[in-house]
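One structure is given below, encoded as structure tokens.
The values are calculated or read from the model by the stated rules, or taken from the named source; none is laboratory data. Remember, predicted model here, so these are calculated numbers, not experimental data. Positions of Cβ are generated from backbone atoms using ideal geometry, with glycine treated the same way; all protein chains shown enter the neighbour counts. For the accessible areas, the whole protein counts, side chains as well, though only heavy atoms, and no ligand, DNA or RNA atoms are used. Shrake-Rupley method; radii C 1.70, N 1.55, O 1.52, S 1.80 Å.
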Amino acid sequence: MKKFFEKHDLFKLVGIFVLIAVLLTWLVSSSYFASGTLTSTEFSRVGLFDLTTYGLLQIFYFTVVFMFVIVVGGFYKFVGSLDAYDNLTSKIAAKFKGKEKVLVALSILLFGVISGVSTDQLVLFALAPFVISILSKLKVDKITGLVATFGGILTGILGATYAPKITGMLVDATNGLGVSYGFELASTVILFVVAYLLLTYFSLARMSKIAKTNKAEILVDPFATVKVEESDDKKKKKSVKKRRVSSVGLAIVLSLVFIILILAYIGWESAFNIKVFAEVTDWIKNATLFGENVYSYVLGQAVAPFGEWDLLAGAGLLLLASLVIKFVYHIPFDKMLDEYAEGFRIIVKPLAILMMVYLVLEISIIFPTIAYLVDKIMGLGNNVGTLFASGALTSLFAVDFQYTVSTVGSVFLTFKDANVAALILQSAYGVIQFVAPTSAILMLGLASLDIKFKDYFKFIWKFALAILLVIFVILAILIYV
């Protein structure tokens, strides 16, 4: 058992938080905030059958999330088995040979910017494996690969500006704080820029240090097909054959998929009040051919305008892209199914970790106890420190920002400045996402790349401490200057 937990430390860490969430239901009565005032009810303790029942029920509650992760795993195992994919990623890697730091810096920036305006940051998990494939060919280390992709996503969450799933939750007047999009925009942009520069600095410094010591584990593409060692003659023959496999078709398909995934998950109407995509979608649905809505029939009833896609739509896009790739490269249907099945097998561990993280959320929301602890913190005074601590504690157990806001949003409304309060809650959540075993995106990245939490924490703690200091400086300026 000890060896199991040493090898699978992520299970242990998330499991501890599951137990804490359960124990809190035995020690603290159920409680919630109504208009900033704590309301307590009777104890609602989690028993063994509750744990197993709700542990299985989360498959129903978060089906969209889990299915998306599964499809991404299958998709990349399928395309990763193609010589065309190997050729494409190798060509891109060759362009950045000797410029690995440039690629890492660009990757963090791109993931961060997209994440900061995305309707669902988890959709970027569909882009991360492609970048990881390239970085693995450049022999960067595991943690650098993690930071260049998942770290960029977390940076975007911390400094989100027009992301409906982050800032949009604060804009919501019913469960949020009723602020407007663009609240404290200058401060948020500064926070994002500083976070990006700090994370990039620490990452590049690590790369320089590793280049001298050569002690880091090299990043391995989890979906890459393992090549069997062969004789030199066979290698030469296969290399000639591989060069004949054009990657142009795959590059076009993947480019279209990535562009659509980015555009479809930006809140064009909700955040920017841009209605063109909704209008185009309506036009397509109503357009007729020979008196019939043929275009609408072909696209189906589930089609939604860009900005309103859920993760199932993204998963559907990947499945459709797989079929296109299959026909372009004449891949047997059986082989495609086999590769998808192997991808599902590879993604099992990250998926299990993700399910445990969401179990913490499920227990904390269905058996609410965090409000009681937050009330004790707020009893020390209504100030930046207590609000930040309350937001951080809630984020540890609520996991998803919308549940964090719905749990303590009314408490933050009691602060003298709603815009500053919103920034406190967002930044507290953002910092927690970088360091907590209940950070869904972080744990998905660690599990996918087989990185131990302690190794990651040795790297990230300096960044977390530095950005924490920056946050409090920004907040102090907003309040007192």
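In sequence order, what are the phi-derived ³J(HN,Hα) couplings for segment 402-408 according to the Karplus relation 6.51 cos²θ - 1.76 cosθ + 1.60 with θ = phi - 60°, rounded to whole Hz, with x for glycine and proline?
5, 7, 4, 5, 5, 6, 10
What aspartates and glutamates sit close enough to Lys77 to cross-link, taking a C-alpha to C-alpha distance under 16 Å and skipping anything fewer than 8 places away on the same chain?
Counting by Cα, and skipping residues close in sequence, Lys77 has these aspartates and glutamates nearby: Asp86, Asp221, Asp334, Asp338, Glu339, Glu342.
Quick query: amide H of Ile274 versus all other amide H atoms, modeled in the peptide plane; which residues come in under 5 Å with a sequence gap of 5 or more or a different chain?
Result for Ile274 returns Glu269.
Can you tell me the orientation of helix 128-137 relative to the chain, as the angle in degrees between its alpha-carbon axis and the longest Cα principal axis, to the nearest 10?
Taking the Cα atoms of the chain, the angle to 128-137 is about 60 degrees.
In segment 424-481, what percent of the accessible surface is made up of carbon and sulfur (1.4 Å probe, ligands and nucleic acids excluded)?
73
Where Lys and Arg each count +1 and Asp and Glu each count -1, what net charge lies around Pro222 among other residues with Cβ under 10 Å from its Cβ?
Result for the local shell: 0.
What is the distance in Å between the Cα centres of segment 102-176 and segment 370-414?
What the calculation gives is 25 Å, centre to centre.
Amide H neighbours of Val140 under 5 Å, at least 5 residues apart or on other chains, H built in the peptide plane: list them.
Placed amide hydrogens put Leu219 under 5 Å from Val140.
Among residues other than Tyr61 whose Cβ falls under 15 Å from its Cβ, what is the net charge (Lys/Arg +1, Asp/Glu -1)?
Charge balance in the 15 Å sphere: -4.
With 24 Å as the limit, write out which pairs from Lys212/Lys458; Lys209/Lys454; Lys101/Lys458 have Cα-Cα distances beyond it, or answer none.
none
Helix 276-286 against the longest principal axis of the chain: what's the angle in degrees, Cα atoms only, rounded to the nearest 10?
The two axes meet at around 70 degrees.
Per residue of segment 198-206, in order, report the coupling 6.51 cos²θ - 1.76 cosθ + 1.60 (Karplus, θ = phi - 60°) as ³J(HN,Hα) in whole Hz, putting x for Gly and Pro.
5, 5, 5, 4, 5, 5, 5, 5, 5
Summarise the accessible area of segment 70-209 (1.4 Å probe, protein heavy atoms) by the percent that is carbon and sulfur.
66
Starting from the Cα-Cα distance between Glu279 and Leu27, subtract it from 0.36 nm times their residue separation and give me the gain in nm to one decimal.
Gain on extension, Glu279 to Leu27, equals 85.4 nm.
Kindly write out, for segment 172-180 in residue order, the coupling ³J(HN,Hα) from the Karplus curve 6.51 cos²θ - 1.76 cosθ + 1.60 (θ = phi - 60°), rounded to whole Hz, with x marking Gly and Pro.
So the J values, rounded to whole Hz, are 3, 6, 7, 9, x, 9, x, 7, 9.
Taking the Cα atoms only, what angle lies between the long axis of helix 48-61 and the longest principal axis of the chain, rounded to 10 degrees?
Computed tilt is about 60 degrees.
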